[in-house]
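Below is one structure, written out as C-alpha coordinates, with a few remarks after it.
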Amino acid sequence: MPLLKIVSTAPLRLDLKRLHSSVMGIFNTPSTGVQITSSEVSDMYPAGIFVEMRAKAKPERDAAWMKQALGDLTLAFKDAGAPEDVRIRCEMFDEQLLYKNC
(Lines give C-alpha, C1' and ligand atoms only; values in the text may rest on other atoms or scores of the structure.)
Protein backbone atom coordinates (compact mmCIF):
# COMPACT_ATOMS: atom_id res chain seq x y z
CA MET A 1 0.00 0.00 0.00
CA PRO A 2 1.52 3.33 -0.97
CA LEU A 3 1.44 5.68 1.99
CA LEU A 4 2.12 9.37 1.32
CA LYS A 5 2.77 11.82 4.16
CA ILE A 6 2.72 15.38 2.84
CA VAL A 7 4.33 18.12 4.94
CA SER A 8 4.27 21.78 3.94
CA THR A 9 5.13 25.15 5.42
CA ALA A 10 2.05 26.79 3.88
CA PRO A 11 -1.60 25.77 3.66
CA LEU A 12 -2.13 23.38 0.76
CA ARG A 13 -5.18 23.39 -1.44
CA LEU A 14 -4.54 20.00 -3.00
CA ASP A 15 -7.28 17.96 -4.63
CA LEU A 16 -6.50 14.83 -2.58
CA LYS A 17 -9.15 12.78 -4.41
CA ARG A 18 -7.46 13.53 -7.73
CA LEU A 19 -4.01 12.84 -6.26
CA HIS A 20 -5.30 9.57 -4.76
CA SER A 21 -6.57 8.48 -8.17
CA SER A 22 -3.23 9.32 -9.81
CA VAL A 23 -1.25 7.35 -7.21
CA MET A 24 -3.56 4.36 -7.75
CA GLY A 25 -2.80 4.49 -11.46
CA ILE A 26 0.95 4.97 -11.11
CA PHE A 27 1.35 2.13 -8.59
CA ASN A 28 -1.43 -0.05 -10.02
CA THR A 29 -3.18 -0.46 -6.66
CA PRO A 30 -6.85 -0.53 -5.62
CA SER A 31 -8.38 2.49 -3.90
CA THR A 32 -8.06 0.79 -0.52
CA GLY A 33 -4.34 0.36 -1.14
CA VAL A 34 -3.45 4.07 -1.08
CA GLN A 35 -3.38 6.35 1.98
CA ILE A 36 -2.55 10.07 1.85
CA THR A 37 -2.11 12.40 4.81
CA SER A 38 -1.30 16.10 4.75
CA SER A 39 -0.09 18.39 7.51
CA GLU A 40 1.17 21.93 7.84
CA VAL A 41 4.19 22.74 9.98
CA SER A 42 5.30 26.12 11.25
CA ASP A 43 8.91 25.62 10.28
CA MET A 44 10.89 23.31 8.03
CA TYR A 45 14.19 23.64 6.22
CA PRO A 46 14.27 23.86 3.34
CA ALA A 47 10.77 25.28 3.23
CA GLY A 48 8.21 24.09 0.74
CA ILE A 49 6.45 20.78 0.20
CA PHE A 50 8.01 17.48 1.22
CA VAL A 51 6.48 14.05 0.68
CA GLU A 52 7.62 10.97 2.54
CA MET A 53 6.34 7.87 0.80
CA ARG A 54 6.42 4.14 1.51
CA ALA A 55 5.42 1.49 -0.99
CA LYS A 56 5.71 -2.26 -1.35
CA ALA A 57 8.81 -3.48 -3.18
CA LYS A 58 7.97 -5.57 -6.23
CA PRO A 59 10.27 -7.03 -8.89
CA GLU A 60 8.93 -4.67 -11.56
CA ARG A 61 9.56 -1.64 -9.35
CA ASP A 62 13.24 -1.39 -10.17
CA ALA A 63 15.34 1.80 -10.27
CA ALA A 64 14.24 2.76 -13.80
CA TRP A 65 10.58 2.19 -12.94
CA MET A 66 10.89 4.24 -9.74
CA LYS A 67 12.57 7.11 -11.58
CA GLN A 68 9.59 7.22 -13.97
CA ALA A 69 7.11 6.84 -11.10
CA LEU A 70 8.65 9.77 -9.20
CA GLY A 71 8.40 11.91 -12.33
CA ASP A 72 4.76 10.88 -12.73
CA LEU A 73 4.11 11.66 -9.05
CA THR A 74 5.61 15.12 -9.46
CA LEU A 75 3.22 15.77 -12.35
CA ALA A 76 0.31 14.32 -10.34
CA PHE A 77 1.02 16.81 -7.54
CA LYS A 78 1.00 19.68 -10.04
CA ASP A 79 -2.27 18.41 -11.52
CA ALA A 80 -3.74 18.22 -8.00
CA GLY A 81 -2.87 21.88 -7.38
CA ALA A 82 0.60 21.90 -5.80
CA PRO A 83 1.84 25.50 -6.07
CA GLU A 84 5.51 24.59 -6.42
CA ASP A 85 7.91 21.73 -6.96
CA VAL A 86 7.46 18.88 -4.55
CA ARG A 87 10.35 16.98 -2.98
CA ILE A 88 9.52 13.28 -2.79
CA ARG A 89 11.39 10.61 -0.86
CA CYS A 90 10.21 7.04 -1.44
CA GLU A 91 11.13 4.04 0.66
CA MET A 92 10.35 0.58 -0.71
CA PHE A 93 9.65 -2.16 1.83
CA ASP A 94 9.48 -5.94 1.81
CA GLU A 95 5.91 -7.03 2.55
CA GLN A 96 7.18 -9.96 4.63
CA LEU A 97 8.52 -7.40 7.11
CA LEU A 98 5.22 -5.51 7.37
CA TYR A 99 3.03 -6.02 10.43
CA LYS A 100 -0.37 -4.35 10.63
CA ASN A 101 -3.75 -4.61 12.31
CA CYS A 102 -5.85 -3.27 9.46
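The values are calculated or read from the model by the stated rules, or taken from the named source; none is laboratory data. Computed from a predicted structure; not experimentally measured. Counting neighbours? That spans all protein chains shown, and the Cβs are built from the backbone with ideal geometry, glycine included. Accessible surface areas use protein heavy atoms only, side chains included; no ligands, DNA or RNA. Shrake-Rupley method; radii C 1.70, N 1.55, O 1.52, S 1.80 Å.
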Review point. Among bridges DSSP assigns within the chain, what percent are antiparallel (round to 5)?
Key: 30 percent
Point to revise | Magnitude of the charge dipole, the chain, Cβ model with Lys/Arg +1 and Asp/Glu -1, debye to 20 | key: 200 debye
Review point. For K56 and D85, FRET efficiency with R0 = 30 Å and r from the beta-carbon atoms, rounded to 0.05?
Key: 0.70
Study note, to complete from the structure: When all Cα-Cα pair distances of the chain are considered, the percent exceeding 22 Å is 29 percent
Point to revise | Relative contact order (percent, whole number), the chain, Cα cutoff 8 Å, 6+ residue spacing | key: 37 percent
Check your understanding: Can you give the accessible area of K78 in Å² (nearest 10), computed on protein heavy atoms with a 1.4 Å probe?
Key -> 100 Å²
Study note, to complete from the structure: Longest principal axis of the chain (C-alpha) makes with the long axis of helix 16-27 (C-alpha) an angle, in degrees to the nearest 10, of 30 degrees
**Study point:** Farthest toward positive dipole pole in the chain [+1 Lys/Arg, -1 Asp/Glu at C-beta], among T29, A47, P2
**Key:** T29
Study note, to complete from the structure: With all protein chains in place and a 1.4 Å probe, M92 shows an accessible area in Å² (nearest 10) of 60 Å²
Study note, to complete from the structure: For E40 the rounded accessible area (nearest 10 Å², probe 1.4 Å, non-protein molecules ignored) is 110 Å²
Exercise for review: On the protein heavy atoms, probe 1.4 angstrom, tell me the percent of accessible surface of the chain carried by carbon and sulfur.
Suggested key: 51 percent
Review point. Taking R0 as 41 Å, what's the FRET efficiency between D15 and D94 from their Cβ-Cβ distance, rounded to 0.05?
Key: 0.80
Revision key, fill the gap. Taking a crude spin-label model, label points 7 Å out from Cα along the C-beta direction, the K78 to M1 distance in nm is 3.1 nm
